[in-house]
1. Being surrounded by fewer than 18 Cβ atoms within 10 Å (Cβ to Cβ) and assigned to a helix (DSSP H, G or I) is the filter; apply it to segment B:340-352 and report the residue that is farthest from the other protein chains (Cβ to nearest Cβ).
2. List every residue pair whose Cβ atoms sit under 6 Å apart, with the two residues 6 or more apart in sequence or on different chains, where the first one lies in segment B:22-49 and is of a type in the set (S, T, N, Q) and the second, anywhere, is in a strand (DSSP E or B).
3. Given the conditions (1) closer than 28 Å to B:Gly216 by Cα; (2) assigned to a strand (DSSP E or B), which single one is not true for B:Tyr282?
4. Would you be able to tell me the number of residues in segment A:375-414 that are free of Cβ contacts under 8 Å to residues at least 12 places away in the same chain and more than 18 Å from A:Glu202 (Cβ to Cβ)?
5. Which of the residues spanning segment B:281-338 are of a type in the set (Lys, Arg) and either within 14 Å of another protein chain (Cβ to nearest Cβ) or under 22 Å from the mean Cα position of the chain (by Cα) (or both)?
6. What are the residue pairs meeting all of these: first residue in segment A:87-103, first residue more than 22 Å from A:Met131 (Cα to Cα), second residue β-branched (Val, Ile, Thr), Cβ atoms under 8 Å, and 6 or more apart or on different chains?
7. Which condition does B:Arg372 not pass, out of (1) away from chain A (no Cβ under 14 Å); (2) touching a residue at least 40 places away in the same chain (Cβ under 8 Å); (3) touching a Lys or Arg at 6+ places or on another chain (Cβ under 9 Å); (4) not in a loop (DSSP other than H, G, I, E, B), if it passes all the others?
8. Checking B:Ala236 against (1) in contact (Cβ under 8 Å) with a residue 12 or more places away in the chain; (2) closer than 29 Å to B:Arg287 by Cα: exactly one of these is not met. Which one?
Amino acid sequence: MVLPGSAAEVAALLRLFQEAEISWTARGNGSNILGFELDEGAIIDLNRMRELSFDEKNWSVRIGPGVSAFELQRAAFARGYRVHVAEPAALVVASFMCSGILSLFATSYGTSAEGVLDARFVAPDGSAFSMNQKEGPNLFAFAPAPQSTPGICVSADLKLHPMTDDEEGALIPCSTLAEGLELARELAQRRIGFAVGVLGIEYVASFMSPTQELAGEVKSVLADSLGMACLVLVLGDSYAMGSLKQMGHPLIDQRLFRALSLGLPDLASAPWLDLLPQLSQDEPFGYLKAEGFAELAETALAPSPERLAQKVDPELREFHEKLYARPELTDLVWLNMFRITSSRIGREKHFFPILLYLPLEAGLIEELGARFQAIAKPRGIKHEVGFVTPIDAGKRCIFEYDYYVDQCDAGEIARVREAIAEVAAVIDEVGARTGTLRWMRYVLYQGFCRMENLLYTEVPRG
Amino acid sequence: MTRFVLTGATGFLGSHLMAELLRDGHTVVALGRGSGESGLKERIARQLAWFGLDSEGDRVHCVEAELLKPRLGLGQAAYRELCSHPATIVHLASDTRFAPANRAASLATNVESLAAVLDFARDSAAPFFHYVSTAYVAPADCSLCREEPVAHGSFANIYEETKARAELQVAQRCRELGLPYSILRPSIVYGDCRTGRSNSFTALYHHVKALELIRGIYLNDLASQGGAKSRASGIALGPDGTLKLPLRIFLPRKGHLNLIPIDFFVAAATRIIAAPRPAAIYHLTSRTPSTMEELALFCEAFLGIAGIEIRYGEPPASLRPNPAEALFGKLIEPYRPYLSDTRSFDSTNLTAVAPGIAPPPLSYPIFERCMRYAVEVNWAHTR
């Protein structure tokens, strides 16, 4: 394991490894989003390269490969900006190298090269090049086939995005996945909200709940008692929130979300809960439109950090009380921009995300979801819709379907491997039929490609 | 004994009519769909069990059919077999939701499905076709509604509109086919006034359910959480345990709610079916509709609350509804037009065919019996 501290040291190492024919792997935090393991040979750990400098005149921040998403976002946020990043512990440059950034913010910030102004690399032979160099390797291109690494990214200049002081979040419950997908497409098309995502109930229940047990109860409440198939999360300014209301959607607004989050223990056992869906058969979730519903929810749930903390182990209660007393922990915008929301999803088991870029068409997504489910179910693999995020004005989307695997269970690992092979065949078949599918598997090492090349370059049809 | 084909036999009115026909010794063919993971047969079996008619199952034939498809979605052989036994058809299947968002579904279920059902009536040489509609196909501004074909007018919701369109279609198509038909127009139906039993808890029950939900939230707040939120909305427990729950309901004008018990519907419908008169329209309605003030008092007495106030006219611009009022207002929104309805219904045709059968006025004992049953069965919900 070697820990270079600069681009020059990285270059020297790669030259040495080439001469000595030593294979190498660059690492950020140990594995990438698909869970690939480290290879044989030298491991180049880039954690020491922590450059973090702002060029506000050019709306740019330069980072070294050792900077984590949380560190970067915190620094940007302190200056009044936002950066498009992955989960808090992920190293940002590694995220780009692997896949580009996948998040609900892709709705407005795009994906892959859309988030980057420039990046500097050391090629396997030790030579240096940058993205914005005419005679350098063309990282903007995308090929729908496995690729080898172009080298090591030693620094990247990322886009800074502006924020406004009236940003808010809202969740819109939907009775069917198709309804949620249609809504997400419409919002993206109308440019309402700067982050939009259709979230599966497992995803929402996990991110709201401090314990796995509570997550299970919340999932049952949302899905079985209240009849929610998914929720569409929208982050936007006050004009976006106004538009959502004007469109007539029932909303779980920021205040209600806070009441639900801190009142989860009572939500799971509320005796009146079953009456709500019975009373809104004409207009599912119409009760959310009642003026003062959030206040009524506060009356019903008595939300407080203390109450929520009663649900965690005794030795963790004091910590949780302090943690949830912070407004950020129930602030949908903060939770999403720092990517706290998605970081709880793998709490019960490791999850293997099946990630696809494809048209935002309910029929296609439902077909794929049904086939992934049919592969997982007979093998006893836990499986759920993760999220769907519209990109490029709703012309395409990112679709994540998750398989969960217990990493300590060799049998389950074998079953998931077998299932993934079948998933690959389904994706290849549907991809050949439609010519519009891009599987994340092929995006590895192409995270700096031009978004349009990734989304729209024609794939040879079968 | 007669053979009947029923659509909507798993619904509120349909299941009660099916049960009565079976009790009278008739044979019933139920046309319909499964729901969720339950097939039609299972759904019908559940209904029969509810009526204590498990042993009558051999006189019920279930046919999984799709009313929106030609030949009811059946294969040729199955359709031919179904048509080979002429039977009186009673068409009750209906989408009873009111919201405009359900327009497409309502049109499909209430209007478009008639094509296949009437084709089936023709192909099976049905001796009679009974269509169950609603009294509220009459225009809202009609003071005395006659048992006559629907007139043009405005409708309170998509349900009324589609039922009116369906009536016109039934009449026209049956005339073309030379098929005798009748139209039954019940008003708002609640449970059995003698036993309180019911297997559906909408309409009248909806308001009580909404009040129970709100009451539960505030009682819990007062009992377990100190009641600060309740007090802020003027909600408190009286010394006798009554919950003071200020709830102002603004209605455009004084009206009445025309309510009939399911046992009256069944008695009237079976008389009509037993002596069918071609092209007759029947109002199955109450001659003594309930006022909102009466119903508010019944709700208060049953739920142990006080403070429901019916006010007429526009709410003042300065009105700031408390959260309980706002939620109650939202939950009863679909039914709001009926709370100030002024229509009265002539029932000459019904009186002629079923003299001596009339619904009782909704008294507090009947109300209490019905609501007590609803609460006992947890509004038919199992979690």
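1. Looking at residues that are surrounded by fewer than 18 Cβ atoms within 10 Å (Cβ to Cβ) and assigned to a helix (DSSP H, G or I), I get B:Ala352.
2. Note: pairs meeting the criteria are B:Thr27/B:Arg3.
3. Against the list (1) closer than 28 Å to B:Gly216 by Cα; (2) assigned to a strand (DSSP E or B), B:Tyr282 comes up short only on (1).
4. Going through segment A:375-414 one residue at a time, the tally reaches 7.
5. B:Arg287, B:Arg320, B:Lys330, B:Arg336
6. Pairs found: A:Pro88/A:Ile340; A:Ser103/A:Val85; A:Ser103/A:Thr389.
7. With (1) away from chain A (no Cβ under 14 Å); (2) touching a residue at least 40 places away in the same chain (Cβ under 8 Å); (3) touching a Lys or Arg at 6+ places or on another chain (Cβ under 9 Å); (4) not in a loop (DSSP other than H, G, I, E, B) applied to B:Arg372, the lone miss is (3).
8. Checking B:Ala236 against (1) in contact (Cβ under 8 Å) with a residue 12 or more places away in the chain; (2) closer than 29 Å to B:Arg287 by Cα, the one that fails is (2).
The values are calculated or read from the model by the stated rules, or taken from the named source; none is laboratory data. Please read these numbers as outputs of a predicted model, since none were measured by experiment. Reconstructed Cβ throughout: ideal geometry from the backbone, glycine too, with neighbour counts over all protein chains shown.
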